[in-house]
Amino acid sequence: MSEAPAAILNFHVVTLFPELIHTYCQTSIIGRGVKAGKLSVQAYNPRDFATDSYHKVDDTPYGGGAGMVLKPEPFFACVESIERPPNSPVILMTPRGETFRQERADELAKETHITFICGHYEGFDERVRALATDQISLGDFVLTGGELPALTIIDAVGRLIPGVLGKMISLSHESFNDGLLEGPHYTKPPEFRGMTVPDVLRSGDHAAIARYRREEQLRITFLNRPDLLTRAALQLSPEDQKFLSKLQDEL
C-alpha cells in the first residue's frame, strides 16, 4: 500500500497588493519550502471581485471623516471564493487583535489552511470582521497595511513545518521556544578587532558549554525581557533560579 502524500500548509492571503506576497514568498526559507512542496502561498485580490467597471474596493465613511474605508462586498466575495476547509483559521490583521507570540505560531503550524485578510487605507467596513475567526496584531504600532504582518506570520509559521528549515534541531535552541530569548553565537575567527570568543566555547567541555549557553540565555532575557521570566518560571530549574538570584544581587 502506497503512503498518502504528506499534507502541506496552504497560506491564502487576501490583499490589494498580491505582488508583495509573491515577491517575498519566492525567496529565502519560505521560497525553499514552496519549491519543496511543503508550503503553498496564494494571493487573492479583492479588486477582482468588485462588480463595478472601476473595480472599486473602497468608499467614503458614513458619518464623515478623513480617508477611505474598504467595502465589505469584494472582501466577502474574495474570501468565500477560496477553497479551504470550513473550519480553517481566517486571520484579520488588526491592532485590535491578540499580540502574536511563538505559542500561536506553534498552534497555527498544525493547520493545513490559513487565510489572512490584509487591510489598507482607513481600515475595513466593520462587517468584514465577521469573516474572521481570529484577529491578530504584531504590536502597538501602525503600518500602512496588513501585508507585512501577514508575511511575518507566514514566515514564523512556515519555518516550523518539517522539511522547510532543514535542520529541525535548530528550532529547539531559538528565542521563545522555551519562553526565553536566545543566547549569543560565535564563529571563526576566535579574535576580531579585540573581541574574542569566550574560552568556554573553545574548551571542548560540553557540560560547561551547555551551562554557559543556558546562563547567557537567562542573562540576556533578564536584561532585555524580564517579563518573559515570569511566564517561563515553571520551566526554570533550581540552578536557573540560583543564577537569576545572583544576577539580581549584582544589580
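Readers should treat all values here as calculations from the given coordinates under stated rules, not as data from a laboratory. These numbers come from a predicted model, not from an experiment. Every residue, glycine as well, gets a Cβ built from its backbone with ideal geometry; the counts of neighbours run over all protein chains shown.
Here are the numbers for the structure shown:
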item	result
Proxy reagent accessibility, fewest Cβ within 10 Å first, across Met195, Met68	Met195, Met68
Point-to-point label distance, Asp227-Lys246, nm (Cα→Cβ direction, 7 Å offset)	2.9
Inverse of mean 1/r across different Cα pairs in segment 9-158, Kirkwood, Å	15.7
Rg(Cα) / (2.2 N^0.38 Å) computed for segment 174-250, rounded to two decimals	1.19
Whole-Hz couplings from phi, Karplus 6.51/-1.76/1.60, listed for segment 132-147; x for Gly and Pro	8, 8, 9, 10, 10, 10, 8, x, 8, 8, 10, 10, 7, x, x, 5
Sites Tyr186 and Thr23, calculated FRET efficiency, Cβ-Cβ separation with R0 35 Å, nearest 0.05	0.55
27 Å Cα cut-off, lysine pairs counted over the chain (separation 8 or more, or different chains)	7
Relative contact order (%) - segment 104-251, alpha-carbon pairs under 8 angstrom, separation at least six	19
Label assignment, log10 I(q)/I(0) by the Debye sum over Cα atoms at q = 0.07, 0.10 Å⁻¹ derived from the structure, set [x] -0.35, -0.65; [y] -0.33, -0.59; [z] -0.23, -0.48	[x]
Charge-dipole axis of the chain as Lys and Arg at +1 and Asp and Glu at -1 on Cβ define it, positive-most pick from Asn87, Leu108, Leu244	Leu244
Relative compactness, segment 18-64, computed as alpha-carbon Rg over 2.2 N^0.38 Å	1.72
Cβ-based exposure ranking for Cys78, Cys118, in which fewest neighbours within 10 Å come first	Cys78, Cys118
Ranked list, fewest to most other Cβ atoms within 10 Å of each Cβ, for Phe243, Phe11, Phe141	Phe141, Phe243, Phe11
Residue with peak Gaussian network fluctuation, the chain [Cα springs, cutoff 10 Å], from Gly194, Gly119, Gly179	Gly194
